[in-house]
1. Which residue is nearest to D98 (Cα to Cα), if the candidates are limited to region 31-64 and must be over 15 Å from the mean Cα position of the chain (by Cα) and aliphatic (A, V, I, L, M)?
2. Going through region 90-114 one residue at a time, which ones are under 16 Å from Y66 (Cβ atoms) and of a type in the set (S, T, N, Q)?
3. Only one residue in A4, A19 is modelled with pLDDT under 65, part of a loop (DSSP other than H, G, I, E, B) and over 24 Å from Q135 (Cβ atoms), so which one is that?
4. Of all residues in region 126-143, count the ones that are of a type in the set (A, V, I, L, M, F, W, C), part of a loop (DSSP other than H, G, I, E, B) and closer than 12 Å to I57 by Cα.
5. I'm trying to understand the selection: among the residues of region 146-194, which are crowded, with 17+ Cβ neighbours inside 10 Å and assigned to a strand (DSSP E or B)?
6. What is the number of the single condition among (1) modelled with pLDDT of 95 or more; (2) surrounded by 15 or more Cβ atoms within 10 Å (Cβ to Cβ) that V108 does not meet?
7. It is to be established whether one or more residues within region 113-125 are buried (at least 17 other Cβ atoms within 10 Å of the Cβ), at pLDDT below 95 and either in a loop (DSSP other than H, G, I, E, B) or in contact with a Ser or Thr (Cβ under 8 Å, 6 or more places away or on another chain) (or both).
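The values are calculated or read from the model by the stated rules, or taken from the named source; none is laboratory data. Bear in mind the structure is a predicted one, so any value in this text is a computation, not a measurement. Cβ placement follows ideal geometry from the backbone for every residue including glycine, while neighbour counts extend to all protein chains displayed.
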Amino acid sequence: MLKAAFALLALLTVAIAPAFAETGDDGLHKEDWFSLTFRDVGEDIAQAKSQGKRLAIIIEQRGCIYCRQMHEKLLSDPEVRDYIKANYMVVQYNMFGDEEVTDTDGAVLTEKTATRKWGYLFTPTIVFLPEDAPQDKPVAQAAVAVMPGAFGKWTFLDMFKWVREKGYETDEPFQIYHARHIAEARAAGKLDAE
């Protein structure tokens with residue numbers, strides 16, 4: 001009887017243990033649905049568009065606790081993950097990596113020099129690119145939105161939705177869009193708090 005109780009306890013412990021994001025050789029947390037590309041941003045924008053998606057670059061670094069939380073709490077959430085997978089091609093960059101990157105202005109850099117050139121200081125940072133690649137300006141100037149840091153589920157998901165719906169082309173800034181979505185979800189009884 002005692003053996004059966006320990007076996008049941010072990011099984012329950014495994015079943016309810018929190019998910020831990022796997023890490024790659026570079027120390028970054030990985031999602032099997034992230035796209036592996038040659039990191040030519042213009043080509044990646046075109047490839048995403050050919051799939052009916054938008055390009056999002058996610059910049060992370062080894063040991064980033066906020067990156068880990070984003071993977072374990074947000075990107076593992078089926079609602080968040082499924083929306084992003086259906087609507088975005090996501091390419092991961094290492095803030096201090098040496099992989100070659102071709103910027104939208106044609107400059108060939110490493111991940112770390114590109115990140116520095118673009119002025120991104122925090123991880124995770126998610127950079128949302130336009131539907132068509134510009135030829136004359138770098139990623140930082142071409143980006144239609146940038147999400148610096150990790151946020152709660154609804155803020156995180158709403159940013160992806162706002163970009164997909166081209167909210168940046170409207171008179172409704174993201175903060176108003178997000179507040180409206182939260183109010184609608186609360187009124188429908190789907191949400192208590194952010």
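1. V41
2. Residues of region 90-114 under 16 Å from Y66 (Cβ atoms): 92-96.
Scanning region 90-114 gives Q92, N94.
3. On inspection, the qualifying residue turns out to be A19.
4. 2
5. Correct list: V146, M147.
6. (2)
7. Among the residues of region 113-125, not one is buried (at least 17 other Cβ atoms within 10 Å of the Cβ), at pLDDT below 95 and either in a loop (DSSP other than H, G, I, E, B) or in contact with a Ser or Thr (Cβ under 8 Å, 6 or more places away or on another chain) (or both), which makes the answer no.
Okay, residues lined up against (1) without any contact (Cβ under 8 Å) to a residue 40 or more places away in the chain; (2) out of contact with any helix residue (DSSP H, G or I) (no Cβ under 7 Å at 6 or more places or on another chain); (3) over 22 Å from F160 (Cβ atoms); (4) acidic (D, E):
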position	(1), (2), (3), (4)
Y83	no, no, no, no
Y88	no, no, no, no
T102	no, no, yes, no
D105	yes, yes, yes, yes
A114	yes, yes, yes, no
